[in-house]
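Below: one structure, written as structure tokens.
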Amino acid sequence: MPVRDQGGFRQSALVLGAAQLGMAYGIANTTGDLDQTAVDALLAKAAELGVTHVDTARAYGESEARIGAAPVKPKVITKVAPGETDVEASVTASLTALHEKSATFLLHRAADVPIAWDALRRVKDEGRADRIGVSVQNPAELFEVAKLPDLGYVQLPCNVVDRRWTSAGVADVLADDVVVTVRSVYLQGLLTAGSAVRWPHVPDEDRDAAVRVLDEVAAELGFPNRAGLLVAYPLGLSWVTSVVIGAETLDQLGENVRLASRTGLTAVEREMILDRLPPLPVQLVDPSTWGSAR
């Protein structure tokens with residue numbers, strides 16, 4: 001598993017997403033949330049394969065508690081409960097559940113920065129946070145949080161059909177020591193499920209055209225499947241440290257490790273994909289709008 005160094009913080013190219021460890025998560029989820037035995041096996045295998053970190057949150061059901069109960073696990077990245085004004089209490093609850101003295105702590109949403117950032121900085125000063133950061137939803141939020149003192153970590157959604165991050169300036173606002181982890185590589189399973197599921201806000205013919213392009217390009221570039229292309233796209237971006245992908249089974253974990261171990265796409269390869277993909281609505285990459293899709 002390739003490990004990347006960002007300002008002295010070493011993190012594997014793949015971070016294990018842990019929403020599935022505490023609740024049923026994702027449009028392609030077939031197993032529901034996992035029991036403790038399955039969680040123990042998944043975390044131990046992740047550590048064995050060289051995955052350095054697991055990503056969780058106070059909001060992910062029983063995820064923190066199950067990670068904390070595991071005898072072997074990677075290091076932990078977790079998120080303060082959304083809207084939490086008592087950051088100290090949220091951090092203490094997380095560390096207690098995780099059975100850890102410190103972890104990397106993020107604010108779950110950028111809107112909480114005014115009420116929570118100073119408190120999170122104090123947590124770092126106390127030595128209970130390895131790094132602190134923010135989970136953002138879009139480039140506008142990134143540009144704002146990039147100005148924060150002591151910012152060491154950003155998590156954001158980015159995938160091959162999300163053109164918002166191709167704008168000039170994204171790389172420029174990030175300090176050299178800021179770790180950037182990309183979530184939503186598979187867009188909650190939509191991109192891997194392809195034509196087998198409805199894509200919110202997208203007519204079926206446009207969905208099928210996009211899937212066809214992704215499969216054609218994957219074959220042309222020597223990937224065994226569409227998923228390999230989807231993972232390689234963000235890992236080729238110069239400002240991205242890692243991708244965070246969840247897994248429900250050991251087989252899924254092994255496949256994700258294999259895919260994240262390949263070299264990321266070049267700028268020319270990424271541009272080729274974007275040139276060939278049909279136009280897709282920006283609402284597709286914003287799951288908060290999916291409930292209003294017709």
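The values are calculated or read from the model by the stated rules, or taken from the named source; none is laboratory data. Since the structure is predicted, the reported quantities are computational estimates derived from the model, not experimental observations. Heads up, the Cβs are rebuilt from the backbone with ideal geometry, glycines too, and the neighbour counts pull from every protein chain shown.
General remarks:
- Hits in the stretch 50-76 - residues which are aliphatic (A, V, I, L, M), assigned to a loop (DSSP other than H, G, I, E, B), over 19 Å from Thr92 (Cβ atoms) and touching a strand residue (DSSP E or B) at 6+ places or on another chain (Cβ under 7 Å): Val51
- Residues of the stretch 217-250 satisfying the condition of being in contact (Cβ under 8 Å) with a residue 24 or more places away in the chain and more than 28 Å from Ala46 (Cα to Cα): Val217
- A count restricted to the stretch 102-118 and to residues that are touching a helix residue (DSSP H, G or I) at 6+ places or on another chain (Cβ under 7 Å) and outside any strand (DSSP E or B) stands at 3.
- Whichever residue in the stretch 15-61 is of a type in the set (Asp, Glu) and modelled with pLDDT under 95 and, among such residues, is farthest from Tyr153 (Cα to Cα): Asp35
- If the condition is being closer than 24 Å to Thr166 by Cβ, charged (D, E, K, R) and surrounded by fewer than 17 Cβ atoms within 10 Å (Cβ to Cβ), then the stretch 91-148 contributes Glu144, Lys147.
- Boolean, Thr266 is among the β-branched types (Val, Ile, Thr) and surrounded by fewer than 16 Cβ atoms within 10 Å (Cβ to Cβ): yes
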